[in-house]
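Shown next, in structure tokens, is the structure this report addresses.
The values are calculated or read from the model by the stated rules, or taken from the named source; none is laboratory data. Please read these numbers as outputs of a predicted model, since none were measured by experiment. Positions of Cβ are generated from backbone atoms using ideal geometry, with glycine treated the same way; all protein chains shown enter the neighbour counts. With ligands, DNA and RNA removed, areas are computed over all heavy atoms of the protein, side chains included. Shrake-Rupley method; radii C 1.70, N 1.55, O 1.52, S 1.80 Å.
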Amino acid sequence: MRPTRRNEGGTAASAAWELLLPAASAPARTRGRSLQAALREAVRSGRLAPGTRLPSSRDLAADLGVSRGLVTEAYEQLTAEGYLRSGRGAGTWVGAAVRGARPRAHDLAPRSPGTRADFVPGTPDLALFPRAAWAAAQRAVLAELPHQELGYPDPRGLPRLRTALAELLARRRGVVADPERIVVVSGVAQATALLGFALHARGMRTVGVEDPGSPQHDALYASAGVAAVPLPLDDEGVGLEPLRASGVRAVVTTPAHQFPTGIACSARRRAELLDWARSVDGIVLEDDYDGDFRYDRAPVGALQGLDPDHVAYTGSVSKSLAPGLRLGWLLVPESWTEEIVERKRTMDLGHPALDQAVFARFLERGDYDRQLRRCQRAYRDRRDALVAALDARFPGAEVSGIAAGLHVIATLPQRYGPEERFLARVAEAGVAVRPLSAYVHTPTGPEATGEVRLVLGYAHVPPARITEGVRLMAQAASG
């Protein structure tokens, strides 16, 4: 039966009654906790302001139709926590210590809101995620996983997963993969941070990065106290003379498919990079971010396979499954293993065991190979669609870089420039693109030529939308 609100107690009694009435209707076994939570939230949100005098426990209990003991217990609990204050014979008041507001969750995930076409590179087609196969692996793992494996894992990763990864990387990427030197990480970003800390511990305060290249490397290495030194590229990869002149003893490279230019490091440059690393007692940090996706021939094997003592190799499922899984791997030289593993231990005590076990089963049953083949077919078709649309809508446009990965470099004829005006018009039309100049570390890069050079991602865009997006871009560019 609904209680009758008393007139005594004024506004505070009315406010308390209205805020707490739903909690009073909770099941008997949870009514006390519900009452405390409702009163706590009313104070925290400011609906009961500091200095407000609350009704006596007797009056509030009568208003709510609950026992006086529940109200007394709630007052005592919140007084102990600092939300309320009370004095003998002085009543109960809302305390002044609370400085809270109703919490709101903000989504800081990268998005391209309000776009009619999105060619921003770096994202796979998340609709290709193999939900059924992944769910089957999860069910099987939950049914069979020993209880003890739900404890803190080996910071390197579950032995089962490291073994499966070693087989995969040796077979598909030509890596010299010892499971004892594989560390399961939260994507390439964590691998980069781990390597940065290891470089810093060895007295290295600088690391060479490709220019143009991924802008994330700078911030990730800086967080470990290591400064990024931009190194210009030539047609074969990182320029050797700038590398030697820089004084660095570590260099980050994407030899299978350089990001963003799309070139592949030549066999000669690979050998020269390794010779340099040996000569300075240094290390090459190989980011194999999309090495599985080559469309005109078999992918070139990883650089690490040529000299595992001077190359640290990293990759992830961000382009093949989904970046939100936060699953990757780092394979380090034997002499680096102990310090990398210890840093991983102190960083997060190891990657989530359930996720590791699911991915291990996914690898063992061949599901990951099937997923790679599925993605490769889809992405090859989308690359072809993008090249055809550019040829049709932008006569004279040139697409450079090898037929691989999830993006292309498109150089448009000068009549579509200057770049600043082109980008403004395209953005007004609702088409999201990134110029190559956005990935240049130094002011003497491609942006100084006046050309319009775009880094166009296509993997996440269905062919029909690719065609429409390029049409919109051409329409906007023509004014």
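Results, tabulated for the structure shown:
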item	result
Helical mean residue ellipticity (222 nm; -39500 (n - 2.57) per DSSP H run of 4+; nearest 500) of the chain	-13500 deg cm²/dmol
Where only alpha carbons of the stretch 141-253 are counted, the Rg and the Dmax (Å)	17.7, 57
Å² of accessible area per residue within the chain, as computed with a 1.4 Å probe and no ligands counted	47
Spatial separation of Cα centroids for the stretch 449-474 and the stretch 195-222, in angstrom	31
Other-chain or far-sequence residues with amide H under 5 Å of LEU84's (modelled H)	THR79, GLY95
The stretch 63-149: C-alpha gyration tensor shape, a/c 1.5 cut-off, then a/b vs b/c	oblate
12 Å beta-carbon shell around ARG361, net charge (K/R +1, D/E -1)	-1
The stretch 340-400 shape via C-alpha gyration tensor axes, a/c threshold 1.5	oblate
Centroid-to-centroid separation of the stretch 296-332 and the stretch 123-148 [C-alpha atoms, Å]	21
Fraction of accessible area attributable to carbon and sulfur, the chain (%, probe 1.4 Å)	51
Estimated D of the chain in µm² per second, where Rh is the Kirkwood radius over Cα pairs and Stokes-Einstein applies at 25 °C, 0.890 mPa s	93
Degrees separating the helix 267-279 axis from the principal Cα axis of the chain, which is the longest one	70
Spatial extent of the stretch 187-227: Rg and Dmax, with the Cα atoms as the point set, Å	9.5, 27
Under the Karplus curve 6.51 cos²θ - 1.76 cosθ + 1.60, θ = phi - 60°, whole-Hz ³J(HN,Hα) for the stretch 224-233, x wherever Gly or Pro sits	9, x, 10, 8, 8, 10, x, 10, x, 9
Hz values of 3J(HN,Hα) by residue in the stretch 26-37 - Karplus curve (6.51, -1.76, 1.60), Gly and Pro given as x	5, x, 4, 6, 10, 5, x, 5, 5, 5, 4, 5
Charge tally in the Cβ shell below 14 Å around ALA432, where Lys, Arg are +1 and Asp, Glu are -1, ALA432 excluded	+2
In degrees, nearest ten, helix 463-477 long axis to first principal axis of the chain (Cα)	80
The stretch 209-249: C-alpha gyration tensor shape, a/c 1.5 cut-off, then a/b vs b/c	oblate
Considering only the chain, percent of DSSP beta bridges that pair antiparallel, nearest 5	60
Cut-off 14 Å between beta-carbons: net charge of the residues surrounding ALA117, Lys and Arg +1, Asp and Glu -1	+4
Degrees separating the helix 159-173 axis from the principal Cα axis of the chain, which is the longest one	30
Rounded accessible area of GLU18 (nearest 10 Å², 1.4 Å probe)	110
Residue order for MET347, MET473 - accessible surface, 1.4 angstrom probe, largest first	MET347, MET473
